[in-house]
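The values are calculated or read from the model by the stated rules, or taken from the named source; none is laboratory data. Quantities reported herein were computed from a predicted structural model and do not represent experimental measurements. Cβ atoms come from the backbone with ideal geometry, glycine included; neighbour counts cover every protein chain shown. The protein model used for the area step is the full one, side chains on, heavy atoms only, and it has no ligands, DNA or RNA in it. Shrake-Rupley method; radii C 1.70, N 1.55, O 1.52, S 1.80 Å.
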Amino acid sequence: MDPATKLRFDSPLLRVYEDGRVERLFGTETTPPGVDAATGVTSKDVVIDAATGVFARLYVPDLVAAGSDSQRKKLPILVYFHGGGLVLDSAASPTYHRYLNSVASKAGVLAVSVNYRLAPEHPLPAAYDDSWAALSWAASRDDPWLSEHGDAGRILLAGDSGGANIVHNIAIMAGTRDGLPPGVRIEGAIIFHPMFGGKEPIDGEAMDMRAITEKLWPIVCPESADGLDDPRLNPMARGAPSLQKLACRRLLVCSADGDFALPRAAAYYQAVKASGWPGRVEWLESKGGEHVFFLSKPECDEALQLMDRVVAFLAGN
């Protein structure tokens, strides 16, 4: 069979052909930065690494509308990692652009949405390396917006699905290696509907999604010797770094009762809670929502309630 037509991997997310061609079935639409009429938030794209093409989309709330005090004070820096199973979407996605405009406006944060490289063209650890580079860049405040408005002493991480996987791994990296500028502190992290896995099924785990993960992970991380028990996918696997190494003071783990990732998210929350980690960990389970429902249905009651909790968490409450 012609390698150009023979499938190596086929899923509702994407198709990968034997000749290396990748066909993404959604998550490729983009929208430019600028001034958002609905929120007054202004955004721009900044290249972090010209060699890899990694960039970040920065969002600054309308400080004039917020008053003179807001113009003078430094804002918390929220570093956000988009979802998409580490193979789809971007920081320029209309979905994430709308969401970060809303978060920046309602929470009064300076948001840094990271456009990391995607598998399978760039398998792991590329996304982790790019995300670490973006966090280090944001923490250094090597941009006029960041230096003028950002508070490197109040950095928070957040991400959904595959991006939530990145949040965990970056928080572990920050607790086990040097590299962030002096005085930088990761105040908190939000993990929305995380992409986790494991060789042993757990109660309530959706078998169809488990089957997709079993096929997807070798595409995302072909170097992995442990399969679904790779510590980057299964934070509770044997040999995984201690959860006590999470380098943030507060952690909010979110899922929904209709989310296929719920069992793994709940297990992660319980593991952090039992680990002896000295920070404060919280669990939030939305009712009536599916996987990352707050992105596709931002005006539903459950999404608005979740946003209220996110805003409070980012404010330190």
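Just checking, how many residues over region 202-243 are loosely packed, with under 13 Cβ neighbours inside 10 Å and within 20 Å of the chain's Cα centre (by Cα)?
0
Of the numbered conditions (1) assigned to a helix (DSSP H, G or I); (2) at pLDDT 95 or above, Gly175 fails exactly one; give the number of that condition.
(2)
Looking at (1) open to solvent by 10 Å² or more (accessible area, probe 1.4 Å); (2) within 13 Å of Thr52 (Cα to Cα), which one does Met173 not meet, given that it meets all the others?
(2) is the only condition that Met173 fails.
Do we have Ala38 as out of contact with any Leu (no Cβ under 9 Å at 6 or more places or on another chain), within 27 Å of Leu306 (Cα to Cα), at pLDDT 95 or above and assigned to a strand (DSSP E or B) here?
no
If the Cβ limit is 6 Å and pairs must be 6+ apart or interchain, which residue in region 95-112 that is under 21 Å from Gly84 (Cβ atoms) pairs with which residue that is acidic (Asp, Glu) and surrounded by fewer than 22 Cβ atoms within 10 Å (Cβ to Cβ)?
Asn101/Asp36
Restricting to region 89-111, give me the number of residues that are within 13 Å of the chain's Cα centre (by Cα) and among the small types (Gly, Ala, Ser).
Residues meeting the conditions: 3.
Ala133 fails exactly one of the following numbered conditions: (1) assigned to a helix (DSSP H, G or I); (2) within 19 Å of Ala303 (Cα to Cα); (3) of a type outside the set (Val, Ile, Thr). What is the number of that condition?
(2)
Check whether at least one residue in region 112-132 is open to solvent by 10 Å² or more (accessible area, probe 1.4 Å) and in contact with a Gly (Cβ under 6 Å, 6 or more places away or on another chain), and report yes or no.
The answer is no, given that none of the residues of region 112-132 is open to solvent by 10 Å² or more (accessible area, probe 1.4 Å) and in contact with a Gly (Cβ under 6 Å, 6 or more places away or on another chain).
For region 271-290, state whether one or more residues are closer than 30 Å to Leu7 by Cβ, surrounded by 14 or more Cβ atoms within 10 Å (Cβ to Cβ) and modelled with pLDDT of 95 or more.
Within region 271-290, one or more residues are closer than 30 Å to Leu7 by Cβ, surrounded by 14 or more Cβ atoms within 10 Å (Cβ to Cβ) and modelled with pLDDT of 95 or more.
Need a quick list: helices (runs of 4 or more DSSP H) entirely within region 242-317 having at least 3 residues that are under 17 Å from Ala107 (Cα atoms).
The qualifying helices (runs of 4 or more DSSP H) are 301-314.
May I ask you to verify whether Ser147 is open to solvent by 20 Å² or more (accessible area, probe 1.4 Å), without any contact (Cβ under 8 Å) to a residue 24 or more places away in the chain, polar (S, T, N, Q) and not in a strand (DSSP E or B)?
Judged against the criteria, Ser147 is a match.
When only residues in region 1-48 that are open to solvent by less than 80 Å² (accessible area, probe 1.4 Å) and of a type in the set (Val, Ile, Thr) count, which is farthest from Ala92 (Cα to Cα)?
Going through the qualifying residues, I end up with Val16.
Let me spell it out: the conditions are (1) modelled with pLDDT of 95 or more; (2) open to solvent by 10 Å² or more (accessible area, probe 1.4 Å); (3) not basic (Lys, Arg), and Gly183 meets all of them except one. Which number is the exception?
Against the list (1) modelled with pLDDT of 95 or more; (2) open to solvent by 10 Å² or more (accessible area, probe 1.4 Å); (3) not basic (Lys, Arg), Gly183 comes up short only on (1).
Based on what the data block shows, is Arg264 among the basic types (Lys, Arg), under 25 Å from Pro125 (Cβ atoms), surrounded by 13 or more Cβ atoms within 10 Å (Cβ to Cβ) and out of contact with any Cys (no Cβ under 7 Å at 6 or more places or on another chain)?
yes
Yes/no matrix, rows are residues, columns are (1) closer than 14 Å to Tyr80 by Cβ; (2) under 20 Å from the mean Cα position of the chain (by Cα):
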{"residue": "Pro125", "(1), (2)": "no, yes"}
{"residue": "Asp130", "(1), (2)": "yes, yes"}
{"residue": "Leu135", "(1), (2)": "yes, yes"}
{"residue": "Trp145", "(1), (2)": "no, no"}
{"residue": "Asn169", "(1), (2)": "no, yes"}
{"residue": "Leu180", "(1), (2)": "no, yes"}
{"residue": "Glu187", "(1), (2)": "no, yes"}
{"residue": "Gly197", "(1), (2)": "no, yes"}
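Look at region 71-111 and say how many of its residues are more than 19 Å from Ala38 (Cβ to Cβ), open to solvent by 10 Å² or more (accessible area, probe 1.4 Å) and not small (Gly, Ala, Ser).
6
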